[in-house]
Structure formats: structure tokens, C-alpha cells
1. For the stretch 394-441 and the stretch 274-351, write down the distance between their C-alpha centroids in whole Å.
2. State the three equivalent ellipsoid semi-axes of the chain, derived from the C-alpha gyration tensor as the square roots of 5 times its eigenvalues, in descending order and whole Å.
3. Note down the nm distance, to one decimal, between modelled labels 7 Å out along Cα→Cβ at residue 150 and at residue 273.
4. If you build the convex hull over the alpha carbons only and average its shadow over all orientations, what do you get for the stretch 29-180? Give it in nm² to one decimal.
5. Report the full-extension gain for the segment residue 183 to residue 344: residue separation times 0.36 nm, less the Cα-Cα distance, to one decimal in nm.
6. Quick one: of the DSSP bridges fully inside the chain, what percent are antiparallel, nearest 5?
7. Report, in whole Å, the centroid distance computed from the Cα atoms of the stretch 141-186 and the stretch 235-262.
8. Given only helices, namely DSSP H runs of n ≥ 4 each adding -39500 (n - 2.57), what is the per-residue ellipticity at 222 nm of the chain, to the nearest 500 deg cm²/dmol?
Amino acid sequence: MTAPQMTLVAFLQAQNCSNLVASWRHPDTELGYGTPAYYQNIARTLERGKFQMAFFDDRLAMPDRYGDDHRDTVEHGVRAVKLDPISVVTAMGLATERLGLGATYSTTYYEPFHVARVFATLDLLTQGRVAWNVVTSLNNSEAANFGAQEHLAHDLRYERADEFLEVVLGHWDTWQEGAVLHDKANGRFADASKVRRLDHSGKWFKSRGPFTVPRSAQGHPVLIQAGQSGRGSEFAARWGELVFVIYPNIDVARRSYADFKRKVAAHGRDPAQVKVAPAVYVVAAESRAEAEDKKAAIDALVKPVDGLALLSEVLNFDFATKRPDEPFTDEELGSITGLRAILDRVIAQSGLARPTLADFLRFSGRGTTDELATFVGSKTDVADQMEQWFRTGACDGFVLAATSMPGSYEDFVRLVVPELQRRGVFHHDYEGPTLRDNLGLARPAAGDWKHLYR
């Protein structure tokens, strides 16, 4: 029996910096984010390192909630440039053969048929290498860009998202296996009895069909989810196939991983068919001392505005209205409609029911490498930490964020990947042509989701 293999995903942004805002200020970071060659170079590096997937996070507005103004964001490059991730992963797909390609699209500001067709088309053209990161979006700036006055309340967003998934998966099931015939001799393109209309009519959506894109080599795109709040976690347990999480340390990771897998089972799903991967920073070098110096250099580039702008964005609250030592009121905390997992983390780690702005900055780590678990050191040091997490029930793999672009990935592929392969915890080559093959996920048949996603 083959030993379990670690899942490795690159955590990318189609913007002027990596997940870490300060990365664009790094002297070694390339600033070609507006060119296809930039992303294709990263894609080739990741494929050389046998990463299962490159995954793009996204927002539908620049972080302008802080002070209700975009000037600080633009001046300091706080994720000010945001390209459409589908265009970017398309360029990366043209430069690779096996690397999976994940992109973020919102269930709050798009329509199900549109999302279904965009991802199904790309999945067909890449021969089954695509994943959709399902998000409900975060803040009023995104709402304003789509003509709404304010963002939907937290639980309503997930209610809408549940129905959104039913519509998308329903459309992806329109074409059954063997529907396409390409029978030129008899003039039959496809078997009409194997193509149907959806005819969905629900609280949030009406969508008729039939869908216009046949099934891909992997059945349908993989579903990524990142919900960690109470309602978000239930959504992820119901729908997610690769679940992206943030764990501050290995002890929290083990407890949270076990709890989440129990939730998956409670939804009637096989926990082994849901991969859980925490986001981490890796700073690798020839020696531990060199790696520590590299991390210190990137930490020195961080500015206070990075965290303030990003907290305002992700929590949908203007942090410019609070003094550093001023506790939040119960009313203010109740008004936060963004990413509840960050609010829950700050309250839990600070031990305060009413944390201050300084507490939010400290315990969220937003805008710094402290936001994520960070593995620093030589190839042996880094591999030791990753192997410990993987072998002791803390995760199924990792989502790697970069502190400089593309150097962080180049260092990891050159130094750490061979060490993980030597230890037998990471594959030497791709298992197959599709993303599902390489994640160890079963290929869904048409209609499976009705039985598996309860």
C-alpha cells in the first residue's frame, strides 16, 4: 500500500504583491505581475516541483475600507492591483501540462450559470486541471462595485452560497457520461437523451439550462473552500474537496483538523476525500542562520498601514475610527460582517471579549508573517516541521504563501521538495493527467453530488 502523500498548493495572488503585502518591496521580487511571462515562469517552477496546484485568492475591490479612502492602499501598494484570476490561470495552463489551476469566484456577486460555464470551459480546455475556490466575499467595497449599498449579512451569504452550489453542480451534470458521440457517419453529434435541462427555481436563483459545456476529463472542477467560522465551517464540510485553513500552531491544527473531519463525516461524506491544507510561509535557505536573516529582512519591510488596511478590508470595519488602546464595544463587534474566523481568532488568542485595535493587529498578524504558521530554516529544518504536521494528524498538506516572488517558490522547489521526496512524504511525479488524479480525489459521476453533498 502506498504511503499517504502530502498535498502542496501554491498560494498566489493576481496582484502587485504576494499574500504578504511587503513582498513587493523586497529587492529580489520581480514586478512583472502585469505580464503572462511572470505567471508562466512561476507555473513552470511549481510544475518542476510537482506541486499539485497553483491557487489564486481574490477580492472584488482594493482594500479601501481603512479611512474610507483608497489613497493609502495605492501609495503603499497594499494589494492595490487585482487582475481577474481566470485570465491568469488560463495563461499558466498554456505553459504547463499537469499543474492544477485554482481560481476564486464569488457566490455573492456572480451568477451560477456564468460561474459554471467559466470553470467548466477552462476545465475542458486544460483536460481536467481546474478548481473553483468558492467564496462569499467580504465587504461593502465589493458590494459598491456591483451596485449594492452594503454587503449581505454573514449567514445570508452562506444560505445564498448553498443554493448557488446546487445550481452550479446541477448544470455541470447536464451532460451525462457518453453524451458526446461525434458520429460523423450517422450525423449524430450527441445523444440528446443524455443531455437535460436543470429547470432550477429556488429562493435565490432561477436557472433553466441546458448547460452548454460537456463534462471534462475529471468530471467537473474541484471545489476549494476556506470557511472556518461556525457557518462557514459547516459550508466547507458540506461542499469542499480541498479546504484551505489557517492554523496558528500544530496543537491547534491537530484539534481543528480532527473536529473538521468529524463534520465532514456528519454530512455523509468520506473524510479521506476532503483534503485539509493550512496556509504557511516557508523561508528556506542553505542554512538556518541564512534563512533567519532572510526572514528578518522581509519582516523589516512591513509597514503599519499593511495590517490596518487589510484588517479593515477583511472585517468590513474601518479601523481608522479606533485608537490603538481603545476596546471595541459589543455593538462594534456585532457589526463586523467580514471574515468571522479572524474575529474569533483574535478573541480566543487575546482572551478578551472586547479586544483593542492593538490586539487585533497583534493576534491576527494581518500584514505580517505572523499571520500564518511559518517554517524557517535549512531544507532539513523545514522538512522536519512539515513532516511533523503531516504525520501527526494536523493536515493533509500545505498551501504555501511567498515572502518574495518568485524566489520563495524557487528556493522551496530547489531545497525542500527533494528532501520531502527523499523522506517518502511527497510524490516524485504526478499520478495522472487531472487535478483529481493528483489530489487523490475520486472522479464524480453525473448526479453524485445529490447523494454526497447533504
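1. Spelled out, the Cα-based centre of one part sits 25 Å from the other.
2. For the chain, the semi-axes come out at 34, 27, 21 Å.
3. With each label point 7 Å from Cα toward Cβ, the separation is 4.1 nm.
4. Result: a mean projected hull area of 10.9 nm².
5. So the extension gain works out to 52.2 nm.
6. So the antiparallel bridges in the chain amount to around 20 percent.
7. 25
8. So the calculated ellipticity at 222 nm is -11500 deg cm²/dmol.
Values in this text are rule-based calculations from the coordinates and carry no lab data. Note that the coordinates shown come from a computational prediction; the quantities given were computed from them, not determined experimentally. In this analysis, Cβ positions are derived from the backbone assuming ideal geometry, glycine residues included, and neighbour counts consider all displayed protein chains.
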